[in-house]
Amino acid sequence: MMRPQSSLFRPSIPMSHGLGDREAAILREIVEEYVETGEPIGSQTLAQRLQPSLSPATIRNVMAELARAGLLFSPHVSAGRLPTEKGVRLFVDGLLQFSSLTEEDRASIDSRLDIHGRSYQDILSEASSLLSGLSSAAGLVLAPKSDATLKHIEFVALGPGRALVILVGSDGQVENRIIETPPGVPPAALVEAGNYLNSCLGDLTLGNLRERVRTEMDASRHELGALTASVIESGLATWDADGGTLFVKGQGKLLADITEIERLTSIRMLFDHLETQETMLQLLQLADASEGVRIYIGRESGMFGMSGVSMIVAPARNEAQKIVGAIGVIGPTRLNYGRIVPVVDYTARMVGRLLG
C-alpha cells in the first residue's frame, strides 16, 4: 500500500482535518469497515482491533467527538457508528492509502483494450465494462466528437431494414453505427449513398459534411432517388453534431444494496441523467479541471445533486496532452477508493493513447 504520486490523485478540497493520531486511527477503522461491509462498527470491536489498544469507554468518547464534528453518525440508538460524507471526504483526503495496480490487473486491462481488429466503439464499450467489473460500480467512458476531417464513409447491408454505417476519420479513428433503412432498399442504393457522401468529403469534418449535404440534398434529391436520399439522411442523423459517445456499463450494481423506495427513485433519476447531453459536457468539464484522478463524494461534483453516491473521474489525454475523453466510475459512497483510483488512472492513460 502506498500513497499515489501527485499526478495520479488530486483531492477535490484541501485537507485540513486537524485530527490527533487517536481520532484519525478510529475514523480510519470505521470508514474501512464501512467500505468493506457497509455496516456500522461499535466500540467493543474497535477496542479489539486498534493498536495500540484503547478501552471501549475511551473509544466511545472519541466517537462522540467525531460525531459532534460531523464526521460520524449512528444509524440506530444502540448501533455502532458510520461515517458521514464529510467523514469519508476527510478519510479520502488524508487517511487513505492507495494500492498499487497489480500486474494481473494491468495485464487484464491491456488485453481487454487491445485494439487489434476492433472498432473504437468496441474498445470504449469494453473499457466501461472492465471499469464496472473491477470497481463493482457503474463504469463510464466518454469520447467526445473528433474534430478530425473525414476520410471515408461506407454503408453495409445487414439484412432487411438494417445497415451498418462505417465512418473513418483522417486520424485513423473508426466509428460504426447501425441504422434502420426503408423497406426494399437495394444494395445499390447503399453503394450510391456512400459514393455520394465520399464525393462531398474533401477536407470536411462531420459537422461540415452535414451542413454541406443538407444544403445540396434538395438539388440532388431527384438525381439520387428517394431511397438513396433516405439512407444518407439516416446515416448522418446517427451522429450528433455537438455531442460525443458515452458508454455506461454496470448500472444495475448501483441498485444492489438499495431497499428504500426514495433511494431507488433517486438512482433511477441518476440513470436518466446519465443519458443527457448535459452530463457529457459536465464530465468533460470535470476531467478538464483535473491533472489526474479526482474523487467527488455526494453532491461535490455538482452533477447529480444527490447524496450517497461517489464519482471517480480522470481525463484521457493523448500524446499532446489534449483531452480526448473522460473515464470514470459512479457508485455508492462506500467505494473501494484505494483500489479503484489506480484502475481508473491506468485505464484513462490507456484510452488516451488509443484515442490520441
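The values are calculated or read from the model by the stated rules, or taken from the named source; none is laboratory data. The shown structure was predicted, so the numbers you read here are calculated from the model rather than taken from an experiment. Here the Cβ is made from the backbone with ideal geometry for all residues, glycine too, and neighbour counts use every protein chain on show. Ligands, DNA and RNA are excluded from the accessible area calculation, which covers all protein heavy atoms including side chains. Shrake-Rupley method; radii C 1.70, N 1.55, O 1.52, S 1.80 Å.
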If you roll a 1.4 Å probe over the heavy atoms of the protein chains, what accessible area per residue do you get for segment 87-222, in Å²? 46 Å²
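What does the charge count near Ala64 come to, summing +1 for each Lys or Arg and -1 for each Asp or Glu among other residues with Cβ under 12 Å from its Cβ?
Details: positive: Arg60, Arg68, Arg81; negative: Glu23, Glu65.
Result for the local shell: +1.
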To the nearest 0.05, the calculated FRET efficiency linking Thr45 and Ala289 through their beta-carbon distance, R0 being 51 Å, is 0.80
Once the principal axes of the Cα atoms of segment 72-191 are found, what is the range along each, listed largest first in whole angstroms? 74, 35, 28
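If you take all C-alpha pairs in segment 123-172, what percent of them are over 16 Å apart?
Values: 764 of 1225 pairs.
The proportion of pairs with Cα distances above 16 Å equals 62 percent.
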What does the charge count near Gln48 come to, summing +1 for each Lys or Arg and -1 for each Asp or Glu among other residues with Cβ under 13 Å from its Cβ? -1
Averaged per residue, the 1.4 Å probe accessible area of segment 291-356, protein heavy atoms only, in Å², is roughly 32 Å²
Got a number for the accessible area of Val156? Probe 1.4 Å, square angstrom, nearest 10. 50 Å²
Residue order for Met63, Met269 - accessible surface, 1.4 angstrom probe, largest first: Met269, Met63
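Would you list His152, His116, His76 from the most to the least accessible area, probe 1.4 Å?
Values: His152 70, His116 155, His76 125 Å².
Highest to lowest solvent-accessible surface, that is His116, His76, His152.
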Just read off the accessible area of Arg317 with the full protein assembly in place, 1.4 Å probe, to the nearest 10 Å². 60 Å²
Accessible area (Å², 1.4 Å probe, nearest 10) - Ile166: 40 Å²
Rounded to the nearest 0.05, what FRET efficiency do Glu180 and Glu103 give with R0 = 45 Å and r taken as the Cβ-Cβ distance? Could you check? 0.50
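Compute the signed sum of charges (Lys and Arg +1, Asp and Glu -1) over the other residues within less than 11 Å, Cβ to Cβ, of Asp105.
Numbers: positive: Arg106, Arg112, Arg339; negative: Glu103, Glu104, Asp110.
Spelling it out: positives minus negatives among the neighbours equals 0.
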